[in-house]
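Values in this text are rule-based calculations from the coordinates and carry no lab data. Just so you know, these numbers come straight off a predicted model, no measurement behind them. Positions of Cβ are generated from backbone atoms using ideal geometry, with glycine treated the same way; all protein chains shown enter the neighbour counts.
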Amino acid sequence: MKIASVKEIRELDRRAEEEFNIPPEILMENAGNAVFYVIEKEIGVKGKTFTVFAGTGNNGGDGFVVARKLASTGAKVCLLLIGDEGKLKGIAKKNYERLNGFSIERYNVKFFDRITEMNIYKSDAIVDAIFGIGISREITGIYKEIIHGINISGKKVISVDIPSGVNGDTGEIMGVAVKADYTVTFGLPKRGEFLYPGAEYVGKLYVSHISYPQALYESKETKVQLNVPIRIEERKKDTYKDDYGKALFVSFEKNYLGSPMFCSSAFLKAGGGLSYLATPESIAPLIAVKASEVVVVPLRETKEKTISLKNLDELLRFAQKMDIVSIGSSIALNEETQQFTEEFIKRVDKPLLIDGDAITAIAKNREILKERKAETIITSHIGELARLIGKEIKDIKVNRIEYLMNAVKKLNATIVLKGAFTLIGTKSGEVFINTSGNPGMATAGSGDVLTGTIAAMYGIGNSIEGAARIGVFIHGLSGDLKAKEKGMEGITATDILEGLPEAIKYYKENFNAIRETNYGRTYII
């Protein structure tokens, strides 16, 4: 499913009217009807009491339609208009005037008074139609007081288009925001509804296309979308291990043997055929005991027992036999090892996964990536991406999608930006927002398991983009299944690793259900 920016959704409105003769009035009526439908479905209407908070813009206009629909179906409705009634204009004003004759209490709220408090208290549910997607300033004054009052009320809350106070592009909270139980969004979901912290405020998300022609909301100009699952092909009976890929993992950390074990073992647990681990000779026997199914390739060492530059030519020749290569899971920051890392990345002529310390190693010489002929996947957290593109973490945090898009172009690579929700930026210019995973996965070694899972998805026959997308989803799904089994607290990388076969089985068996609801994140009405 496509995810729109504020600019893109406004363009959708313009084109609906100019190219398809669908006026804003129809869109507003349909928006109100969509919200009413969700209220009826989730809460019920007859005999219930509702308080509708509305601003003076078009979001408030949608709220007026909702109030009218509720009243016409026998609900008791109080409409609290925040702001100057004289500022109402256009179709919002028309829908406000249409409330005349309906049995709706109406108040123009100037401050958080006793009337406001009592109406919240008496309500079965609250409709939030205060601000729409265009909010870009910090919320203060009466608006802040009312949003705070809504949030502490304990009532069910339905937000119209987006929870008031959530930035539609970045997911930032503009000082304060409504914490909704349900959000009904129009045309397409908004970026801010899937970027944290805004994503936490949305609740259950319903999407209504409100009479937009399908050609508009499926436009190729909208480059951001949810990471909708891609089908994993069933294994044929007559197959051999080579049919599922050969991967080489170049990894070492003398103080943490788990990292090389996790990435190389995850390749096998996620369905890969042959996994090779190149690691310094002093720890190779220890790794072999931990990961007995992995073929360990001992490497010559530096004095600090890290990978020596002397291995370069021999390892490059060995890599030519592989389908995919990974470097970086705890590669160590020794100067000679970093020089090895740079040269290896520059010269290896195979699809390459770059993670962790290898990102740090090439941050000073990014041109290496641009010059690579074979495909590259970079799996980074926000700090690593900041180092790689020379930007501040705080800047990337508030505009992750745009910075990711620019980084993909700049570095000539598919980039997985890890976090909640993980983003996958592809060389086709698209960004996929992944919705699997949970906070319990923020644990040492989890990223190493992700590296091996992505490599496996390539090994079994997917494209680089497909491997990144499926790998990220399966990795998150494994964490979700483990969280359901034992709770989020205490999940380890070993849990995620061991859960990969179950996650793939669940993915295949529930593929259609996962796809239809975008893993339970959006519901089309």
Average Cα contact separation per residue, the chain, under 8 Å, 6 or more apart, as relative contact order %: 12 percent
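If packing is taken as the average number of other Cβ atoms within 10 Å across a peptide's residues, how do 385-394, 358-367, 168-177 rank, most packed first?
168-177, 358-367, 385-394
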query: Ranked from highest to lowest mean number of other Cβ atoms within 10 Å per residue, what is the order of the peptides 316-322, 467-473?
result: 467-473, 316-322
- prompt: Using Cα pairs under 8 angstrom and six or more residues apart, how large is the relative contact order of the stretch 2-219, in percent?
  reply: 22 percent
- prompt: Whose amide H sits under 5 Å from the amide H of Leu257, counting only residues 5 or more places off or on another chain, with H placed in the peptide plane?
  reply: none
field: Alpha-carbon centroids, the stretch 54-123 and the stretch 125-203: separation in whole Å
entry: 18 Å
- prompt: Order of Glu342, Glu371 from fewest to most other C-beta atoms within 10 Å?
  reply: Glu371, Glu342
message: Using Cβ counts within 10 Å as a stand-in for footprinting exposure, how do Met261, Met1 rank, fewest first?
response: Met1, Met261
query: When you take every Cα atom in the stretch 242-517, what is the radius of gyration, and what is Dmax, the widest Cα pair distance, in Å?
result: 17.4, 55
query: Hey, can you rank 27-40, 50-63, 399-412 by average C-beta count inside 10 Å, highest first?
result: 50-63, 27-40, 399-412
- request: Return the sequence-ordered ³J(HN,Hα) values of the stretch 412-421 in whole Hz as given by the Karplus equation 6.51 cos²θ - 1.76 cosθ + 1.60 applied to θ = phi - 60°, using x for Gly and Pro.
  value: 6, 8, 6, 10, 9, 9, 6, x, 10, 6
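Sort His475, His381 by Cβ crowding within 10 Å, fewest neighbours at the top.
Going from sparsest to densest Cβ surroundings: His381, His475.
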statement: Counting only residues 5 or more apart in sequence or on a different chain, those whose built amide H sits under 5 Å from that of Arg106 are Leu79
field: Paired Rg and Dmax values of the stretch 350-423, which use every Cα atom, in angstrom
entry: 11.3, 34
- prompt: Considering every Cα-Cα pair within the chain, what fraction, in whole percent, is farther apart than 31 Å?
  reply: 51 percent
task: Once you have all Cα-Cα distances for the stretch 38-161, histogram them in 10 Å bins from zero and send the whole-percent values.
output: 14, 50, 33, 4
- request: Over the stretch 357-504, calculate the relative contact order: mean separation of alpha carbon pairs under 8 Å at least 6 apart, over the residue count, as a percent.
  value: 19 percent
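Which percent of the Cα-Cα distances in the stretch 371-511 go past 24 Å?
Within the stretch 371-511, distances greater than 24 Å cover 29 percent of Cα pairs.
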- prompt: Tell me, what does the Kirkwood hydrodynamic radius of the stretch 229-347 come to in angstroms if you use every pair of distinct C-alpha atoms?
  reply: 14.8 Å
statement: Any residue on another chain or 5+ positions along whose placed amide H is under 5 Å from the amide H of Ala420 is listed here as none
- prompt: What are the ³J(HN,Hα) values, in whole Hz, obtained from phi via the Karplus relation 6.51 cos²θ - 1.76 cosθ + 1.60 with θ = phi - 60°, for each residue of the stretch 348-360 in sequence order, with x given for Gly and Pro?
  reply: 5, 9, 9, x, 10, 9, 10, 9, x, 5, 5, 5, 4
query: Please report, for the Cα atoms of the stretch 2-219, the Rg to one decimal and the Dmax as a whole number; what are they, in angstrom?
result: 15.9, 49
- prompt: When DSSP assigns beta bridges and you keep just the ones with both residues in the chain, what percent turn out antiparallel, to the nearest 5?
  reply: 15 percent
